[in-house]
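Below: the structure, in structure tokens.
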Amino acid sequence: MAIFAAPQEGPPSSQGKLVQAAIEQFSAKWYGTVSVAEICRAAGLSNGLFYRYFQSKEEIFKHILEFVINRIEEAIVSIPGTGSRERLREYSKIIFAFSRDNPALIRVFREGQYRFLEYERRLEEVYTEALARVLGRTVSQAGYIFALGGLRFAAIRAALQNVPVKFESLQHIIEFGLFDSLSVDNEKVFSTSIHPLPIDIMPNARERLFREGKTLFGQQGYFETNIHEITTAAGLSTGAFYTYFPTKEAFYKELIERVGREVRHFISLNLDPSLNRVERELRGLWLFIVFLSLDKHCYRLVREAEFVLPGVVKSYYDAFVRGYQKFGDDYHDLDQGSAIEFMLGVAHYLGLETFLGKSLEKTKPLITEIGIYYTKGFDGKLK
């Protein structure tokens, strides 16, 4: 599929060359490290010509985000099929294929989703409206998070991180759910009896660096934070930093690994072994959201690391996969890895809602309804 801003006959226009070069640059590097000059060099055009079409780097970046949304909207504006069940399958297939066929565009939009949240909201509207047309009824936010959260995340992991995913298993979960014939005790799921993580009241120098680095990275971002700021906040000399870490990148890598361990430990610490499988999944979602509400910097740290240290973030999610695998759950005839990626996706997009400002109380009904989808899927609403 062509990725120029408009259909072209013959060679792409200068604007088309700039857009393609920008996609290549933004998909390969973090937004903050890409310059207009680099885009122009990659396009083989002058800086002056760039400003004939775009006022700034931000404008061409947003132009690409608009283009991605328009491409997806065009792809799902008319879904073939004689009934809602068949249309749902085609709809899911198109969305999965878009990520597979357009990895560069997906990388750019992933950063845009984080940096300019309004574009994620607009894409959510596009997906939800199309899903409503497919089903012939309105779709709740919980229905969107269940279907599109699981599908989008799994498709992105497959496209960008080469994680093996079987589309047929994802499709089956959307249609029929994952944990059938199980009831849910919401009192157990949303129990407020929470064991916090241990707090070190007299942290050593290394721990102080991690504590202050986490805060500064969370507030300012990776590239906007320097080592001097971290050591000053920790009450240490710059030289003390290099006693423990060779580079800022190595420090950030270990910080992301620690965040992952903290999230997983917090969830496992507060999971009641008497919960059935769907209750355990919903309790895990609730605990994840509680953790994000307590640790204001966790989500941003991991999302930014996705573009700064993509290999580290792949390992971050792989560790959650191994945590699921330890339970040895039976997903019937479904591919286990695909089912786990789907569940991680539901958690990821639910976490995005928390990042966007949704309160704990407003998240509870979302999780409750997601539980219904986990047991039944969209099956009862299809024909």
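Values computed for the structure shown
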| item | result |
| --- | --- |
| Verdict on E120 being in a helix (DSSP H, G or I), closer than 22 Å to L65 by Cβ and free of Cβ contacts under 8 Å to residues at least 60 places away in the same chain | no |
| In segment 348-379, residue farthest from E86 (Cα to Cα) [restricted to those that are acidic (D, E) and more than 19 Å from the chain's Cα centre (by Cα)] | E361 |
| Test: residue in segment 244-264 that is assigned by TED's automatic domain parsing to the domain that holds G371, farther than 25 Å from Y299 by Cβ, part of a helix (DSSP H, G or I) and of a type outside the set (K, R) | yes |
| Tally of residues being surrounded by fewer than 20 Cβ atoms within 10 Å (Cβ to Cβ) and among the β-branched types (V, I, T) across segment 314-350 | 1 |
| Candidate set from segment 123-137 (those that are farther than 18 Å from F67 by Cβ and among the charged types (D, E, K, R)); member that is surrounded by the most Cβ atoms within 10 Å (Cβ to Cβ) | R133 |
| Candidates A147, A132, A159, filtered to the one that is touching a Leu at 6+ places or on another chain (Cβ under 9 Å), hydrophobic (A, V, I, L, M, F, W, C) and outside any loop (DSSP other than H, G, I, E, B) | A147 |
| Residue that is surrounded by the fewest Cβ atoms within 10 Å (Cβ to Cβ), among those in segment 25-51 that are over 31 Å from the mean Cα position of the chain (by Cα) and not in a helix (DSSP H, G or I) | G44 |
| Flag for L160 being surrounded by 17 or more Cβ atoms within 10 Å (Cβ to Cβ), touching a Pro at 6+ places or on another chain (Cβ under 8 Å) and under 23 Å from E120 (Cα atoms) | yes |
| Residue check, H265 surrounded by fewer than 20 Cβ atoms within 10 Å (Cβ to Cβ), over 30 Å from H195 (Cα atoms) and modelled with pLDDT of 95 or more | no |
| Those residues of segment 295-326 which are among the aromatic types (F, W, Y) and either within 30 Å of E212 (Cα to Cα) or touching a Lys or Arg at 6+ places or on another chain (Cβ under 8 Å) (or both), in sequence order | Y299, F307, Y316, Y317, F320 |
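The values are calculated or read from the model by the stated rules, or taken from the named source; none is laboratory data. Computed from a prediction, not measured in an experiment: that's the story for all the values here. Cβ atoms come from the backbone with ideal geometry, glycine included; neighbour counts cover every protein chain shown.
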